[in-house]
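For reference, the structure discussed in these notes is given below.
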Amino acid sequence: MNKKRVLSGVQPTGNLHLGNYLGAIRNWVEIQSEYDNYFCVVDLHAITVPHNPATLAQDTLKIAALYLACGINLNNSTIFVQSHVKAHTELTWLLNCITPLNWLTDMIQFKEKAVKQGENVGVGLLDYPVLMAADILLYDADKVPVGEDQKQHLELTRDIAVRINHLFGKKDQKILKLPEPMIRKEGARVMSLTDGRSKMSKSDPAEGSRINILDNADTIAQKIKRCKTDPIKGLTFDDPDRPECNNLLTLYTLLSGKTKEAVAVECLDMGWGQFKPLLTETTIEALKPIQQKYHEIMDERSYLTGVLGSGAEKAAATADKTLERVKGAMGYLPPAIL
Ligand code: TYM
């Protein structure tokens, strides 16, 4: 029986943090053997906010190396760079033309990011979710493992697919497959270390608000030492008045591999003075093997570019078929007839 298909991606902007790892990549690694997976580095998305051309290529390689270092296995998975597969931009255009403008102006992330950019907000930022829909729909993905913040974009992707099927499909023949989001409960929304009510984010100007996957031991220790806590003794999950406590306990649970129940018992009588060194040690130990592997991979540049070269070839073969299917349904003249 054919395996179901998974697609997901991360933007090469800034450093990957624990939110990206626990909300997305770690889950990809856990489920990968059950699926046929496509993991892309979404470099076209990275220019929807002002970017640095001097670092884009290196940042793209870094993310691909991190996918491998976190445990993505090439026996089950294809790793590629979004801009290497031309079908992504072409399908985006086709989808743009059937997507109502208000679907995009309603997107929460657009509203949040647009406010930050003020007058200079670009069309790319508005169109970002359509490009994401193209990423997913090109691969006939069944499941899309992401963090909670991408849920609305997944709903939009489904709406776009329904619309294409409705406008151009036949009753018994769907053109695009409707993907399902795959959002794990634990780790789906890792919060900032400096404010337990806002999401850990690459764009937060406060470096102390996040732990990056590549942070060294001293940096991790400093960030956890300074992170926001509360004056209450005894640490408990799920208290709405203690968002920092819930977040730090969740991080400890996920990084230690212990169950929530076991952590609840272990930390019930602890104070922060006892818990913070424990979380520090656990975080450093969990990230150490990833960091080691990452440096090995980055030192073997030709291996990494080879992985991305064959990944792009395989991804393009899959994506081009879907693109031709959509163009055919929309009535385009196929080039072979010219
Ligand atoms: P990006 O690059 O912002 O984030 C990558 C992944 O990390 C998850 N994530 C989090 N999870 C838990 N807690 C957090 N604090 C946190 N911050 C980020 C995100 O949910 C995401 O899964 N639009 C996407 C990239 C993308 C994509 C796609 C994803 C483009 N095309 C197709 C899936 C399928 C984004 O900007 O992710």
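The values are calculated or read from the model by the stated rules, or taken from the named source; none is laboratory data. Being a predicted model, the structure only gives us computed values, none of them experimental. Backbone-built Cβ (ideal geometry, glycine too); neighbour counts: all protein chains shown. Accessible surface areas use protein heavy atoms only, side chains included; no ligands, DNA or RNA. Shrake-Rupley method; radii C 1.70, N 1.55, O 1.52, S 1.80 Å.
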Q: Give segment 1-37 a look and list any residue that's in contact (Cβ under 8 Å) with a residue 24 or more places away in the chain, more than 12 Å from the ligand (Cβ to nearest atom) and assigned to a loop (DSSP other than H, G, I, E, B), or say none.
A: 2, 3
Q: Mind listing just one residue for me: the one in segment 3-21 that is among the β-branched types (Val, Ile, Thr) and touching a helix residue (DSSP H, G or I) at 6+ places or on another chain (Cβ under 6 Å) and, of those, least open to solvent (accessible area, probe 1.4 Å)?
A: 10
Q) Looking at segment 95-148, what helices (runs of 4 or more DSSP H) fall wholly within it and have at least 3 residues that are at pLDDT 95 or above, within 13 Å of the ligand (Cβ to nearest atom) and open to solvent by less than 30 Å² (accessible area, probe 1.4 Å)? A) 123-137
Q.
Let me spell it out: the conditions are (1) surrounded by 14 or more Cβ atoms within 10 Å (Cβ to Cβ); (2) of a type outside the set (Phe, Trp, Tyr); (3) without any contact (Cβ under 8 Å) to a residue 24 or more places away in the chain, and residue 235 meets all of them except one. Which number is the exception?
A. (3)
Q | Conditions (1) open to solvent by 40 Å² or more (accessible area, probe 1.4 Å); (2) near the ligand (Cβ under 9 Å from one of its atoms); (3) in contact with a strand residue (DSSP E or B) (Cβ under 8 Å, 6 or more places away or on another chain): number failed by residue 182 | A | (2)
(Q) Quick check on segment 225-235. Is at least one of its residues under 26 Å from the mean Cα position of the chain (by Cα) and either at positive phi or among the β-branched types (Val, Ile, Thr) (or both)? (A) no
Q. What are the residues in segment 150-161 that are surrounded by 18 or more Cβ atoms within 10 Å (Cβ to Cβ) and within 12 Å of the ligand (Cβ to nearest atom), if any?
A. 150, 153, 154, 156, 157
Q. Residues of segment 302-332 being buried (at least 19 other Cβ atoms within 10 Å of the Cβ) and among the basic types (Lys, Arg), which ones?
A. none
Q: Please work out which residue is least open to solvent (accessible area, probe 1.4 Å), limiting yourself to segment 185-224 and to residues that are part of a loop (DSSP other than H, G, I, E, B) and among the acidic types (Asp, Glu).
A: 215
Q: Just one of (1) at pLDDT below 95; (2) hydroxyl-bearing (Ser, Thr, Tyr); (3) more than 21 Å from the chain's Cα centre (by Cα) trips up residue 194, so point out which.
A: (1)
Q: Determine which member of the set 46, 24, 69 is over 15 Å from the mean Cα position of the chain (by Cα) and open to solvent by less than 40 Å² (accessible area, probe 1.4 Å).
A: 69
Q: Answer yes if at least one residue in segment 31-41 is within 16 Å of the chain's Cα centre (by Cα), at pLDDT 95 or above, among the hydrophobic types (A, V, I, L, M, F, W, C) and open to solvent by 30 Å² or more (accessible area, probe 1.4 Å), and no otherwise.
A: no
Q. Do we have residue 170 as over 22 Å from residue 5 (Cβ atoms), modelled with pLDDT under 95 and either away from the ligand (no atom under 12 Å from the Cβ) or open to solvent by less than 50 Å² (accessible area, probe 1.4 Å) (or both) here?
A. yes
